[in-house]
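Data block below; observations after.
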Amino acid sequence: MRIGELSRRTGVSVATIKYYVREGLLPAGRLTSPNQASYDETHERRLRLIRALLDVGGLSVAGIREVVEAIDDTERPVHKVLGAVADRVVPRYTEEPGEGVVAARKSVAELVERRGWRTRPDSPAGEALAVALAALEDVGHGGFAEVLDAYAEAAERVARTDLEYVARNVRREELVESVVVGTMLGDAMFAALRRLAHVDASDRVFGEEV
């Protein structure tokens with residue numbers, strides 16, 4: 001297909017497609033003449049992935065470049081690719097940590113060790129958890145740390161479900177897209193389910209009508 005058709009099929013403007021090619025996010029089309037290039041389904045899939053990383057994952061162009069380079073590196077194990085993507089879609093905290101965050105990091109490290117998780121407590125997700133725990137402590141709800149393992153157990157079950165869904169896809173790009181969309185929109189879905197469960201639990205515990 002020509003670039004115009006690729007644009008129509010993906011909803012990405014021709015100018016933007018050319019920009020992605022210049023930035024190394026999208027492979028160039030196969031030249032069919034000095035001024036014409038041909039594109040195929042691999043370009044369409046890559047474009048859809050780029051848009052998911054940009055619109056859903058909120059990644060920068062530089063971040064997207066790192067992801068697509070990981071995808072194209074066929075020597076890199078799939079779980080390493082997925083880990084790199086997951087780290088990218090977690091908010092990063094660059095401020096100098098206070099005493100609360102430093103203390104919370106220890107709790108996160110102990111949790112990871114206790115659960116036997118094959119992950120680093122100093123990863124972006126681990127740091128995000130430490131920041132959240134420190135914030136809870138600051139507002140007088142440090143007791144949440146006492147139920148951290150219950151939350152971790154629930155997270156394990158959700159993670160297994162996520163990966164069972166992701167494993168249905170066999171192409172590396174589809175795997176990555178599933179992680180991005182599943183993480184961002186899955187978080188929103190789980191938050192909504194949690195709110196519904198809160199209302200139900202409140203009614204059961206406190207006996208109030210919904």
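The values are calculated or read from the model by the stated rules, or taken from the named source; none is laboratory data. As the structure is a prediction and not an experimental result, all values here were calculated from the model. Reconstructed Cβ throughout: ideal geometry from the backbone, glycine too, with neighbour counts over all protein chains shown.
The number of residues in segment 25-51 that are in a helix (DSSP H, G or I) and in contact with a helix residue (DSSP H, G or I) (Cβ under 7 Å, 6 or more places away or on another chain) comes to 8.
Yes/no matrix, rows are residues, columns are (1) in contact (Cβ under 8 Å) with a residue 12 or more places away in the chain; (2) in contact with a Cys (Cβ under 7 Å, 6 or more places away or on another chain); (3) in a helix (DSSP H, G or I); (4) β-branched (V, I, T):
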{"site": "H79", "(1), (2), (3), (4)": "no, no, yes, no"}
{"site": "D87", "(1), (2), (3), (4)": "yes, no, yes, no"}
{"site": "V90", "(1), (2), (3), (4)": "yes, no, no, yes"}
{"site": "E95", "(1), (2), (3), (4)": "no, no, no, no"}
{"site": "A104", "(1), (2), (3), (4)": "yes, no, yes, no"}
{"site": "S107", "(1), (2), (3), (4)": "yes, no, yes, no"}
{"site": "E110", "(1), (2), (3), (4)": "no, no, yes, no"}
{"site": "R118", "(1), (2), (3), (4)": "no, no, no, no"}
{"site": "A128", "(1), (2), (3), (4)": "yes, no, yes, no"}
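Out of the residues in segment 75-91 that are within 15 Å of G57 (Cα to Cα) and of a type in the set (D, E, K, R), which is surrounded by the most Cβ atoms within 10 Å (Cβ to Cβ)? Among those that are within 15 Å of G57 (Cα to Cα) and of a type in the set (D, E, K, R), it is R88. Residues that are among the charged types (D, E, K, R) and touching a Leu at 6+ places or on another chain (Cβ under 8 Å) within segment 85-111 comprise just one, R88.
The listed residues are V102, V108, V112, and the only one of them that is loosely packed, with under 15 Cβ neighbours inside 10 Å, under 28 Å from A135 (Cβ atoms) and at pLDDT 90 or above turns out to be V102.
For first residues located in segment 9-23 and closer than 17 Å to L49 by Cβ, partners that are surrounded by 13 or more Cβ atoms within 10 Å (Cβ to Cβ) and among the β-branched types (V, I, T) and lie 6+ apart or on another chain with Cβ distances below 7 Å form the pairs I17/I3; Y20/I50; E23/V61. When we screen L59, L54 for residues that are part of a helix (DSSP H, G or I), surrounded by 13 or more Cβ atoms within 10 Å (Cβ to Cβ) and not assigned by TED's automatic domain parsing to the domain that holds L185, the only hit is L54. In segment 177-205, the residues that are over 30 Å from T42 (Cβ atoms) form Cβ pairs under 8 Å with partners that are hydrophobic (A, V, I, L, M, F, W, C), at six or more places apart or across chains, as follows: F190/V158; V199/V210; D200/V210; D203/V210. Of all residues in segment 39-50, those being over 22 Å from V181 (Cβ atoms) and surrounded by fewer than 15 Cβ atoms within 10 Å (Cβ to Cβ) number 1. Looking across segment 115-134 at every residue that is over 25 Å from G63 (Cβ atoms) and not small (G, A, S), the one that is surrounded by the fewest Cβ atoms within 10 Å (Cβ to Cβ) is identified as R115.
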